[in-house]
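Worksheet: one structure, shown below.
Just so it is clear, none of the values below were taken in a lab; they were calculated from the coordinates. What you are looking at is a predicted structure, and each value in this text was computed from that prediction instead of being measured. No Cβ is skipped: glycine too gets one built from the backbone with ideal geometry, and neighbour counts run over all protein chains shown.
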Amino acid sequence: MEHTRRRFIGATSIAFVIGAPLAARAQEYPNKPLRLVIPYPGGGGTDVVGRLLADKLRVRLGQPIIVDNRPGAATIVGANFVAKAPPDGYTIMVHTSAFTSSPALVKAMPYDTMKDIAPIGSLAKLLICLAMDPSLPVQTFPELVAYMKANPGKLNYASSGIGSSNHLAMESLLRAAGITATHVPYKGAGAVYPDLMSGRVHLLLDQLVTAATYVRSGKLRAVALTSSARSNLWPGMPTVAETVPGYSYEPWIAVFGPGGLPAPIVGRLNREINSILTDDPDVRQRMDQLSLEAQPGSPEQLADIVRKDLVMWRETAKAAGVEPE
């Protein structure tokens, strides 16, 4: 019995000696600059949010935050850099829900989405609206659905390209509503708007922050948001779900790190991010301007969103006939 007790104490002591440096490093964190990877070019919405976060985290963590834009391969280049980085908390990433759609579109992913990248915390939900050619003889989303059912295949819809998020989301909406439309892919959403306003194409799912300019000027009509509930940023705008129960498309922006990131470091970063989102009026004001809804939450909640989205995008891509390449 005494021999067993000595072995247990010895093993416990070894574990303590090994674990002590790890715990000490976590308590000292951070003691050098951090790198914040953004897998998009500079100047876009995700870049703006990432730089805003970097500025606020710099003050709270007491260390410089180096913003590192690493676009390429539909965000896979930047995400792969983070997946291969040491899990020490000094390389983190601001990414969007494109993180979960990539595995449905790319056959040979260079990293495992669930294992090689660690969820840290959500930042925001993007508001998406269904915009349409204002010359169409409808005013509301229920009227649009009725019109499309009475005229199957008569209308078309634009997207940023085959396999893009607004292509797959629109296909999901059409199936949920029991309607059909012809897909017209473009090379980016920006090229769509002149054709949408002239009636060459009829429908588009896009970020509210982009479409709102044309809607407010009367050049386009917005008939619904794809959120699961109405937004305080546009309280009078109904949702698709009010006509098609259960439908929602809520793309997001969130923070991740390399897989294996120690729990104390994940917890520290998550607490700081949530505090920024809930307590900083400058951040809330800037997000309002970008038509973003702040979405503080736990790493576990973000992991659950990622798991569900991975399944949703695979099913949607398959139903739309989009094969991974």
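Side notes on the structure shown:
- Less than 5 angstrom separates the built amide H of residue 239 from those of 225, all sequence-distant by 5 or more or on a different chain.
- Were the residues from residue 32 through residue 140 laid out at 0.36 nm apart, the gain over their Cα-Cα distance would be 33.5 nm.
- Note on 271, 216: ascending count of other Cβ atoms within 10 Å places them as 216, 271, the fewest first.
- Modelled spin labels at residue 323 and residue 301, positioned 7 Å past Cα toward Cβ, are 4.1 nm from each other.
- Karplus (6.51, -1.76, 1.60) ³J(HN,Hα), θ = phi - 60°, over the range 37-46, in Hz, Gly and Pro reported as x: 7, 10, x, 9, x, x, x, x, x, 5
- Tensor-based shape of the chain (alpha-carbon gyration tensor, a/c under 1.5 rounded, otherwise prolate or oblate): prolate
- Sorted ascending by nearby beta carbons within 10 Å, beginning with the fewest, 122, 160, 275 become 275, 160, 122.
- Sequence of 174, 208 once ranked by neighbouring C-beta atoms within 10 Å, starting from the fewest: 174, 208
- Taking the DSSP bridge list for the chain and keeping only pairs wholly inside it, about 60 percent are antiparallel.
- Put the Cα centre of the range 92-118 next to the Cα centre of the range 34-82 and the gap is 16 Å.
- Shown in residue order for the range 227-239 are the 3J(HN,Hα) couplings computed by the Karplus curve 6.51 cos²θ - 1.76 cosθ + 1.60 at θ = phi - 60°: 5, 6, 9, 4, 10, 5, 6, 8, x, x, 8, x, 9 Hz (x for Gly and Pro).
- The charge dipole of the range 128-226, taken about its Cα centre with unit charges on the Cβ atoms of Lys, Arg (+1), Asp and Glu (-1) only, comes to about 80 debye.
- Residues whose amide H comes within less than 5 Å of that of residue 221, counting only those at least five positions distant or on another chain, are 132 (H built at 1.01 Å from N in the peptide plane).
- For residue 124, distant residues with modelled amide H under 5 Å away: 253, 295
- Using alpha-carbon coordinates, inclination of helix 141-150 to the longest axis of the chain, degrees: 60 degrees
- Between residue 285 and residue 55, the simple label model (points 7 Å from Cα in the Cβ direction) yields a spacing of 1.1 nm.
- Lys, Arg +1 and Asp, Glu -1 on Cβ, resulting dipole of the chain about Cα centre, debye, nearest 20: 420 debye
- Computed from phi, the 3J(HN,Hα) profile of the range 188-202 under the Karplus parametrisation 6.51, -1.76, 1.60 (θ = phi - 60°) reads x, 5, x, 6, 6, 4, x, 6, 5, 6, 8, x, 5, 10, 10 Hz, with x in place of Gly and Pro.
- Kirkwood Rh, angstrom, the range 128-226 [1 / mean 1/r, Cα pairs]: 13.1 Å
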